[in-house]
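To keep things clear, I will list the structure first and then write my remarks on it.
The values are calculated or read from the model by the stated rules, or taken from the named source; none is laboratory data. Quantities reported herein were computed from a predicted structural model and do not represent experimental measurements. Positions of Cβ are generated from backbone atoms using ideal geometry, with glycine treated the same way; all protein chains shown enter the neighbour counts.
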Amino acid sequence: MGQMKTPGVYIVEKSAFPNSVVEVATAVPAFIGYTERADNKGKSLLNKPWRITSMAEFYDYYGFGPSPTFKVEEAAADATDEPAFSFGGKDYALTQETGKYLLFYSMLLFFQNGGGPCYIVSVGSYKDNVAPDKLQKGINLLVKEQEPTMVVMPDAVLLKQPDCIAVQQTALAHCGGKMKNRVAILDVWDGFRDRQDPAGDMIETFRGALGINYLDYAAAYYPWVNTTITQDKDLSSANVANKDQLQALLRTELGIPETPPTVEDTDTPAQKAEKGKIIQQVEAVNNIGNDFADLEPEEAASNKRLLNKSLIAMSPLFGKILSEIKEALNLLPPSAAMAGVFTMVDNLKGVWKAPANVSLAAVVSPTVNITHDEQEDLNVTTQGKSINAIRAFIGEGTLVWGARTLDGNSLDWRYVNVRRTMIMLEESIRLASKAYVFEPNVSSTWTTMKGMIRNFLTGIWKRGGLAGASPDDAFSVHVGLGETMTPEDILEGILRITVLVAISRPAEFIEITFQQQMQKS
C-alpha cells in the first residue's frame with residue numbers, strides 16, 4: 001500500500017497462493033473448405049473463422065450439402081479404372097459432373113466420430129471451383145484465432161498436383177512456423193488407390209513433394225475410407241446428369257417404347273393389364289428429370305419420392321446406378337474422421353493418449369486392405385515421413401493403426417500425442433504466465449511462478465500425462481539468477497524459466513518372449 005500519512009489502522013490483504021494454470025482446450029479443429037452458403041442472419045461469414053458446436057449449427061450458418069450429378073457414359077476402351085456397371089454387353093462409367101465438394105460430408109463424419117466444438121472457414125460456395133489460393137487464404141485467416149488446435153482441409157484433395165501439396169505445405173508452415181500451437185491433419189492425394197496402381201505410388205509422390213519443414217506439426221493417414229454418410233434416401237434420378245442416356249438405358253432394359261400404348265375397348269383384361277403396366281413404366285421413365293415445378297413444394301417432393309421408388313422397383317439397373325453413385329459419394333478422405341477421433345480420445349482419456357487402436361464410426365472399410373508387411377514402409381522409412389495406416393481387422397472393424405507424426409525418425413517428436421501434449425503444456429503455462437509480465441524480476445516473482453507451474457504439472461502427472469513414479473521423476477522447474485538467468489538477463493528485463501517434462505509415450509511395439517524351461521516336478 002502507499003505511504004501512511006494519517007494515524008489509524010490499515011488492513012493489508014496478502015495473497016497466500018500463486019495463480020493457477022488453466023489447461024487449454026486441446027481438441028478444437030478448424031475446417032477449411034466450400035459450403036452452400038456462409039451467412040449469420042444476413043451477415044456474411046465468407047472468409048471468416050466461425051465457431052460451431054454441432055451439425056445443427058452448421059446447417060444454420062452454412063446450409064446443406066451439394067447436389068452432385070453423375071454422367072453415365074460408355075467406358076473408354078483403354079480405361080484403367082473398373083467400369084461402374086455393365087449392360088447389354090457394354091461397360092459404363094460414372095463421372096461426377098457437379099457438386100464435387102467434401103467439406104459437408106467431412107463434417108458429418110467428424111461429428112459421427114466424436115467431434116465437438118470446431119471452427120469453420122468457408123472460402124467459397126458450390127458455384128465456385130476449388131482453388132488453391134482460396135484454401136491457402138483460409139489457412140492464413142486462422143492466425144488471429146487462438147483456440148484452434150488442428151487444421152483440416154478435406155477439399156484440398158480435389159485439387160490437382162502439385163496444388164494439393166502446396167496447400168498442405170501452407171498448413172505446415174502455419175502450424176509449425178507461424179503459430180506453433182496446432183497440428184495439421186493431412187490426407188494423401190489419390191489415397192483411395194493401392195500403391196501398386198498403374199497411376200503411380202501416391203505415397204512416394206506425397207513424401208517426395210511435401211518437403212522437410214515442420215513435419216512434427218502434422219500427421220498423415222492412408223488410405224481413404226468407404227463411409228455410410230450418404231444414404232439411399234439422399235439419392236434419386238436427379239443425381240444423373242444426362243437424363244436422356246438414363247432413359248434410353250431403362251427403356252432398353254424394360255423393353256418399353258417412348259410413347260405409352262393405347263388401351264382399346266376390344267382388349268382383353270389380360271391385354272389391358274399388360275398395357276397398364278407398360279403405361280406406368282413409360283410414364284415413370286419419361287418423368288425422369290421432371291422437377292414438378294407446377295406443384296406445391298410439398299406435393300412436388302412427394303411426387304419425386306414416389307417416382308424414385310417406382311423406378312427402383314421396376315428397374316434393377318436404376319438401383320445399380322444409384323448404388324454406384326452412393327459408393328462414389330461415400331468415398332472420403334480420413335482427415336475429418338481423425339479430427340473426431342482426436343477429440344473423442346482427448347475427452348475420454350486426455351491429450352497424452354495416442355489417438356490409435358480406435359475404431360472409426362460410419363466407416364465400412366478402408367479402400368485398400370493393408371497387410372502387416374505393407375505397413376512397415378508406411379510406418380518406418382529412411383526419410384522419416386511416417387504415414388499412419390487405417391486398417392481392417394476381422395471381428396474388430398476399421399481401426400486407426402498408427403500414431404506417428406510426419407517426423408517419424410525424431411525421438412523427440414515421433415508421436416502425435418507427444419507433440420500435442422507439449423503444445424497443451426506450453427500454451428497453458430504461457431497464457432497463465434502473462435499475468436506476471438512487467439512484475440518485478442526478483443526472487444518472490446520467481447518463486448510464485450515456479451509454484452504455479454509445479455502445481456499445474458503435478459495435476460497433469462496425477463492424471464497420467466507425465467511419466468514417472470513421483471512428481472520429481474516426471475518434471476522439474478528451474479528459475480533463478482545463476483541457474484537460468486545471468487545478471488545481464490535481469491538488466492535486459494528477461495525472466496527465464498526452464499521446465500523439464502517426461503511425456504508419456506505409447507507402447508508401439510510390444511515384445512513377449514517365450515522360452516522353455518526344464519521340468520521341475
ask   = From the set of residues in region 236-254 that are outside any helix (DSSP H, G or I) and not hydroxyl-bearing (Ser, Thr, Tyr), which is farthest from the chain's Cα centre (by Cα)?
value = Asn242
request  = Go through region 15-68 residue by residue and tally those that are part of a strand (DSSP E or B), under 18 Å from the mean Cα position of the chain (by Cα) and surrounded by 16 or more Cβ atoms within 10 Å (Cβ to Cβ).
outcome  = 8
task = Could you tell me whether region 426-435 includes any residue that is exposed (fewer than 12 other Cβ atoms within 10 Å of the Cβ) and either outside any helix (DSSP H, G or I) or small (Gly, Ala, Ser) (or both)?
result = no
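Yes/no per residue for (1) of a type in the set (Phe, Trp, Tyr); (2) closer than 20 Å to Leu399 by Cβ; (3) outside the structural domain of Asn181 (by TED's automatic domain parsing):
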| site | (1), (2), (3) |
| --- | --- |
| Ile325 | no, no, yes |
| Phe342 | yes, yes, no |
| Lys349 | no, yes, no |
| Thr367 | no, yes, no |
key: Number of the condition not met by Ser335 [criteria: (1) surrounded by fewer than 18 Cβ atoms within 10 Å (Cβ to Cβ); (2) in the same structural domain as Met55 (by TED's automatic domain parsing)]   = (1)
key: Lone qualifier among Pro132, Pro223, Pro154 - being closer than 26 Å to Pro68 by Cα, surrounded by fewer than 19 Cβ atoms within 10 Å (Cβ to Cβ) and either under 19 Å from the mean Cα position of the chain (by Cα) or not assigned by TED's automatic domain parsing to the domain that holds Thr343 (or both)   = Pro132
task = Evaluate the following for Thr445: is it farther than 24 Å from Asn347 by Cα, touching a His at 6+ places or on another chain (Cβ under 9 Å) and β-branched (Val, Ile, Thr)?
result = no
remark   = When every residue in region 77-114 that is buried (at least 19 other Cβ atoms within 10 Å of the Cβ) and not hydrophobic (A, V, I, L, M, F, W, C) is compared, the one farthest from Thr343 (Cα to Cα) is Tyr92
